[in-house]
1. Can you tell me which of 117, 182 is of a type outside the set (Lys, Arg), within 25 Å of residue 52 (Cβ to Cβ) and in a helix (DSSP H, G or I)?
2. Just name the residue that is modelled with the highest pLDDT out of those in segment 1-45 that are under 18 Å from residue 56 (Cβ atoms) and either outside any helix (DSSP H, G or I) or not assigned by TED's automatic domain parsing to the domain that holds residue 64 (or both).
3. Kindly check whether there is at least one residue in segment 191-200 that is surrounded by 20 or more Cβ atoms within 10 Å (Cβ to Cβ) and out of contact with any Lys or Arg (no Cβ under 9 Å at 6 or more places or on another chain).
4. Output yes when any residue across segment 35-45 is touching a strand residue (DSSP E or B) at 6+ places or on another chain (Cβ under 8 Å) and in contact (Cβ under 8 Å) with a residue 12 or more places away in the chain, and no when none is.
5. Go over the candidates 144, 106 one by one and state the one that is hydroxyl-bearing (Ser, Thr, Tyr) and either buried (at least 21 other Cβ atoms within 10 Å of the Cβ) or part of a helix (DSSP H, G or I) (or both).
6. For segment 201-215, which positions are touching a strand residue (DSSP E or B) at 6+ places or on another chain (Cβ under 9 Å) and either loosely packed, with under 14 Cβ neighbours inside 10 Å or at pLDDT 90 or above (or both)?
7. Do you know which of the residues in segment 179-190 that are within 19 Å of residue 169 (Cα to Cα) and among the small types (Gly, Ala, Ser) is surrounded by the most Cβ atoms within 10 Å (Cβ to Cβ)?
8. If residue 148 meets every condition in (1) closer than 18 Å to residue 124 by Cβ; (2) at pLDDT 95 or above; (3) not hydroxyl-bearing (Ser, Thr, Tyr) apart from one, which number is that one?
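The values are calculated or read from the model by the stated rules, or taken from the named source; none is laboratory data. Everything numeric here is computed off the predicted structure, so don't read it as measured data. Neighbour counts are summed over all protein chains in view; Cβ atoms, including those assigned to glycine, are modelled from backbone coordinates with ideal geometry.
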Amino acid sequence: MNSCASNDRDPLSARTDAELIAQVLGGATPSTDVIECAVRIAAVPLWERRLLGAAGLTREHGVAPERALRLAALWELAERWLPDDRPSVTSPREAVLLLGGLRSASREHVWVLMLDARHRPIACETVAVGSINSSRLTPRDVLSPALRAGSAALIVAHNHPSGDPSPSRADRTVTEALRSAAALMGVPMLDHIIVATRGHHSFREVEGWDVAAAA
């Protein structure tokens with residue numbers, strides 16, 4: 001008898017990402033809604049899946065919390081087992097690609113994008129909801145999650161539901177306060193980006209911040 005008898009079932013290596021995700025979520029015979037969910041998630045780059053985590057999968061892609069937690073656990077294992085393929089965020093345009101969820105938000109949200117020493121994304125966290133001003137958003141709100149995550153640098157972003165990305169006086173005041181505090185704590189703030197339906201405003205780009213010196 002041949003000890004290497006063939007297996008009638010398809011090997012896992014022959015299956016697509018969507019098929020594998022569907023089986024992680026739904027077992028051997030996933031339901032139609034699980035398959036549809038898996039197809040959506042498979043279209044998200046692996047590095048972005050890791051960045052989103054369970055909360056981001058639910059917020060950005062409508063994945064049910066229980067399924068999102070299962071996937072986040074899977075990707076945590078993948079991050080431990082596989083080489084790191086996260087891209088470095090080297091320009092405002094690359095950062096904006098990670099901030100798509102802000103553009104369509106109906107209320108103003110403030111996010112902090114945390115980066116490692118090679119400016120690869122570690123995590124993205126909502127630190128405030130509502131109008132950005134010095135009384136409601138403090139340096140501690142932004143720096144606390146960045147320090148907990150061991151960030152080497154950070155990018156602050158918020159949206160303008162009005163559609164106009166032009167910074168207000170409050171935006172400029174808070175930006176200077178955050179940038180000064182971040183420098184003092186040794187976690188450089190590389191940019192503050194305002195996203196809106198009619199484009200984005202990068203303080204780094206428009207005002208010529210010296211990012212190399214800050215880093």
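1. Numbers: 117 fails: in a helix (DSSP H, G or I).
Just a single option satisfies the conditions, and that option is 182.
2. Looking at residues that are under 18 Å from residue 56 (Cβ atoms) and either outside any helix (DSSP H, G or I) or not assigned by TED's automatic domain parsing to the domain that holds residue 64 (or both), I get 43.
3. Filtering segment 191-200 down to residues surrounded by 20 or more Cβ atoms within 10 Å (Cβ to Cβ) leaves 191-195, 200.
After this cut, where a residue has to be out of contact with any Lys or Arg (no Cβ under 9 Å at 6 or more places or on another chain) as well, the list is 194.
Taking every residue of segment 191-200 in turn, at least one turns out to be surrounded by 20 or more Cβ atoms within 10 Å (Cβ to Cβ) and out of contact with any Lys or Arg (no Cβ under 9 Å at 6 or more places or on another chain).
4. First, pick out the residues of segment 35-45 that are touching a strand residue (DSSP E or B) at 6+ places or on another chain (Cβ under 8 Å): none.
Checked against the condition, which is being touching a strand residue (DSSP E or B) at 6+ places or on another chain (Cβ under 8 Å) and in contact (Cβ under 8 Å) with a residue 12 or more places away in the chain, segment 35-45 yields no hits at all.
5. On the way: 106 fails: either buried (at least 21 other Cβ atoms within 10 Å of the Cβ) or part of a helix (DSSP H, G or I) (or both).
Going through 144, 106 in turn, the sole match is 144.
6. Kept after step one, since they are touching a strand residue (DSSP E or B) at 6+ places or on another chain (Cβ under 9 Å), are these residues of segment 201-215: 201-205, 209, 211, 214-215.
Once the filter is applied, which keeps residues that are touching a strand residue (DSSP E or B) at 6+ places or on another chain (Cβ under 9 Å) and either loosely packed, with under 14 Cβ neighbours inside 10 Å or at pLDDT 90 or above (or both), segment 201-215 yields 201, 202, 203, 204, 205, 215.
7. 181
8. (2)
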